[in-house]
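Undergrad: Below you'll find the structure I mean.
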Amino acid sequence: MSAERSSWAGPRRRRWETFRPERTVLAVARTFTSAVRLLEALAVFRRDARVEVLFALDDSSAFSVGVDALLERAGVRLVPWHEIAELGPDLVLMASENVPVRGLDAPVLVLPHGIGFHKYVPDSRGPGRRLSGVVPADRLGEPGVWMAISHPEQREQLRAEHPEAARRCVLIGDLALDRMAASAALRDRYRDALGVGPGQRLVVVSSTWGPGSLLARRRTLPARLLGALPADEYRVALVAHPNVWSWHGPHQLGLWLADAFDAGLVRVPPEAGWQAALLAADVVVGDQGSVSLYATALPRPFLLAAGDGPVVPASPAGELARLAVRLDDAAPLAGQVARAAAQDTDRLLPLADRMFGARGRTAATLRAFVYELLELAVPDGDAPLRAVPPPEPAVDEPRSFVVHSRAEADGALAVRRWPAAVADPGPAEPGAFRHLSVGDDEPDRRLPDNATVLVRRAPLAGEAAAAWLSSALDRHPELLVAVTALADGGCAALLRDGSRVRATGTDDPALAGTALYHRVRAGEPADGSATIRVGPRTATLSWTCQPG
């Protein structure tokens, strides 16, 4: 059911009900992040017909764009903002400290939308900045306002400058971390959803929002990683804070990060998937945002790429800047990532001990507290703890590559490929050949005229294949090899000297084309067979040649 905008909220709504709940919970969303956190927390009410949950949207935030669409996809009942006082809820839940809900005679529980109180953000109520996550003092004067925290240290942090806030803290734990811990066994499923193949490493680039974030300080880093890491050995995914997507919009990000998008950057959507991406990751490259802090708690190998954001120096985020291995722009990225994958993750675990209390008990603690506020008996059985959903990422798979090929001592052919849109692999090793392999469906129409190998992945049969191969060499005078997949399996190729080749052992024409190009450059006959190693894959190809 899609979200509906009610024309009522008072007691008369009861005449239309099928169910007769005893309590009403009003969930108030304000930003994309807060809406996602609310939807996650509301699982505590699963299977309890005594409680109905209605939503309201406070759209006064700079980051409220897209929240209504998110709630519509979730199928919630949306109450107009001007009618919430008439609704008369028994409990108000929110994950934003800035929602003005005056006039409601109900307890209010403010859930965290990150980890603790470690970041300074612009104050929407004035020109200064404030500590993110802390309910303003004027609102804390209202009766029944509570702030959920994940660790007792957070209460102590507030005592000096926000004593009233410290008195209103209740230790709940961190539901996101508990769900990730409970979902760890599903790592392979998440890797499959992100397109990570057997033997590949997944590098997750995590950026918070604002001028101190990774994307603000190192906008080109995702593209540089894709250009430095061999495409068959690595997958690179971006987890950007929802505020980045909300404020700038997907279209604008696509313009600013166009090279990375073209090179196969996996974009994790803002509404779901970041937890699964962390579980799937082999290395996380991030800043001082909450996602980075979660990575250290799982734990995952971590590289700090932006470490001078507006954070509280003594907080775990501040400690992260002092303890984490920093990414060095002057050093080769591939070597840094490889070393990071092998790093000792235990060195950052003390940070987790300062951030997360009540581990494994958050769902039960949260359920017990909200039912106490509702003055209802806690349902029988364990509190629900749901696995994090697999991501549904957006990705444009690259069609063209800069390729290095080199004969190894055992006679096998080692192949490494980098997306042509961003390739920066450095010079080929001694004895290796370098070429540009371009897909015939490449969106960048400058590349086919510079190709050494032109590849058609959509299979053709018989005369159609022969015609396409001849046409390709006629249209591109610099081309040495044209190759297409065949409808009946294998590949067909045409060389510049007129030789026609049938390759078996693979249905990947790009791989067949690279192997043939190497044999031509090395002066080897096109007939024969060879073992090809590309990333973690090994294939044995055979060729039969008809000279031109």
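Undergrad: When you take every Cα atom in segment 186-292, what is the radius of gyration, and what is Dmax, the widest Cα pair distance, in Å?
TA: Cα radius of gyration and Dmax of segment 186-292 are 12.9, 37 Å respectively.
Undergrad: What is the sum of charges, Lys and Arg at +1 and Asp and Glu at -1, for the other residues whose Cβ falls under 15 Å from the Cβ of GLY212?
TA: My count for the surroundings of GLY212 gives +4.
Undergrad: What's the carbon and sulfur percent of segment 501-548's accessible surface, probe 1.4 angstrom, rounded to a whole number?
TA: Carbon plus sulfur share of accessible area: 47 percent.
Undergrad: Now for a different question. Counting each DSSP H run of 4 or more residues in the chain as -39500 (n - 2.57), what helix-only mean residue ellipticity at 222 nm follows after dividing by all residues, to the nearest 500 deg cm²/dmol?
TA: -8000 deg cm²/dmol
Undergrad: Using modelled backbone amide H atoms (1.01 Å from N, in-plane), which distant-in-sequence or interchain residues come within less than 5 Å of LYS119's amide H?
TA: SER132, VAL312
Undergrad: Still on this structure, please answer the following. When you have a sec, figure out the Kirkwood radius of segment 261-320 from all distinct Cα pair distances and drop it here in Å to one decimal?
TA: With all distinct Cα pairs of segment 261-320 included, I get 12.5 Å.
Undergrad: Could you tell me how far the Cα centroid of segment 231-273 sits from the Cα centroid of segment 298-349, in Å?
TA: 21 Å
Undergrad: About its Cα centre, what dipole magnitude does segment 136-256 give when the only charges are +1 on Lys and Arg Cβ and -1 on Asp and Glu Cβ, stated in debye to the nearest 20?
TA: The calculated dipole for segment 136-256 is roughly 340 debye.
Undergrad: Which value, in Å³ per residue, describes the convex hull spanned by the Cα atoms of segment 401-548?
TA: Hull volume normalised by residue count: 107 Å³.
Undergrad: If you don't mind, there's one more thing I want to ask. Send over the Kirkwood Rh of segment 15-105, from the inverse of the averaged 1/r over different Cα pairs, rounded to one decimal Å. If you can, show how the numbers build up before the last one.
TA: On the way: mean 1/r = 0.0740 Å⁻¹.
Evaluated over segment 15-105, this radius sits at 13.5 Å.
Undergrad: Also, quick follow-up: Out of GLN343, ALA324, GLY307, whose Cα points farthest toward the positive end of the dipole of segment 292-344 (charges: +1 Lys, Arg; -1 Asp, Glu; placed on Cβ)?
TA: Of the options given, the answer is GLN343.
Undergrad: Follow-up. Could you check what % of the DSSP bridge pairs in segment 337-481 are antiparallel, to the nearest 5?
TA: So the antiparallel bridges in segment 337-481 amount to around 75 percent.
Undergrad: Mind checking which of LEU516, TRP146, THR484 is farthest towards the positive end of the chain's charge dipole, using Cβ charges of +1 (Lys, Arg) and -1 (Asp, Glu) about the Cα centre?
TA: Result: TRP146, furthest along the dipole toward the positive end.
Undergrad: Just how large is the dipole of segment 281-365 about the Cα centre, in debye to the nearest 20, putting +1 at every Lys and Arg Cβ and -1 at every Asp and Glu Cβ?
TA: 300 debye
Undergrad: What dipole magnitude, in Debye to the nearest 20, does the chain give about its Cα centre under +1 on Lys/Arg Cβ and -1 on Asp/Glu Cβ?
TA: 440 debye
Undergrad: Probe of 1.4 angstrom, ligands and nucleic acids ignored: what's the accessible area per residue over the chain, in square angstrom?
TA: Spelled out: the 1.4 Å probe surface of the chain, per residue, equals 43 Å².
Undergrad: Right, here's the next one. If you restrict to DSSP beta bridges whose two residues both lie in the chain, what percentage is antiparallel, to the nearest 5?
TA: On the way: 39 of 91 bridges.
Counting DSSP beta bridges with both partners in the chain, the antiparallel share is about 45 percent.
Undergrad: How large is the Rg to Rh ratio of the chain when both quantities use alpha carbon positions and Rh follows Kirkwood?
TA: Result: Rg/Rh = 1.07.
Undergrad: How much of the accessible area of segment 190-259, in percent, comes from carbon and sulfur atoms when a 1.4 Å probe is used? Working shown, then result.
TA: On the way: 1440 of 2590 Å².
Accessible surface attributable to carbon and sulfur in segment 190-259 totals 56 percent.
Undergrad: Excluding VAL244 itself, what net charge comes from residues whose Cβ is under 14 Å from its Cβ, given Lys and Arg +1 and Asp and Glu -1?
TA: That sum, taken over residues with Cβ under 14 Å, equals +2.
Undergrad: Which GluC sites (Glu not before Pro) does segment 12-52 hold that lie in a coil by DSSP with at most 12 other beta carbons within 10 Å? Numbers along the way, then the final one.
TA: Working: sites: GLU17, GLU22, GLU40, GLU52; in loops: GLU17, GLU22.
When the GluC sites (Glu not before Pro) of segment 12-52 are filtered for loop state and at most 12 Cβ neighbours within 10 Å, GLU17 remain.
Undergrad: Pull up the DSSP beta bridges for segment 422-548 and report the antiparallel fraction as a percent, rounded to 5. Intermediate results must be reported in sequence, preceding the final value.
TA: Working: 21 of 29 bridges.
Antiparallel: roughly 70 percent of the beta bridges in segment 422-548.
The values are calculated or read from the model by the stated rules, or taken from the named source; none is laboratory data. Nothing here was measured: the structure is a model prediction, and the numbers come from that model. In this analysis, Cβ positions are derived from the backbone assuming ideal geometry, glycine residues included, and neighbour counts consider all displayed protein chains. These accessible areas exclude ligands, DNA and RNA; they are computed on the full protein's heavy atoms, side chains included. Shrake-Rupley method; radii C 1.70, N 1.55, O 1.52, S 1.80 Å.
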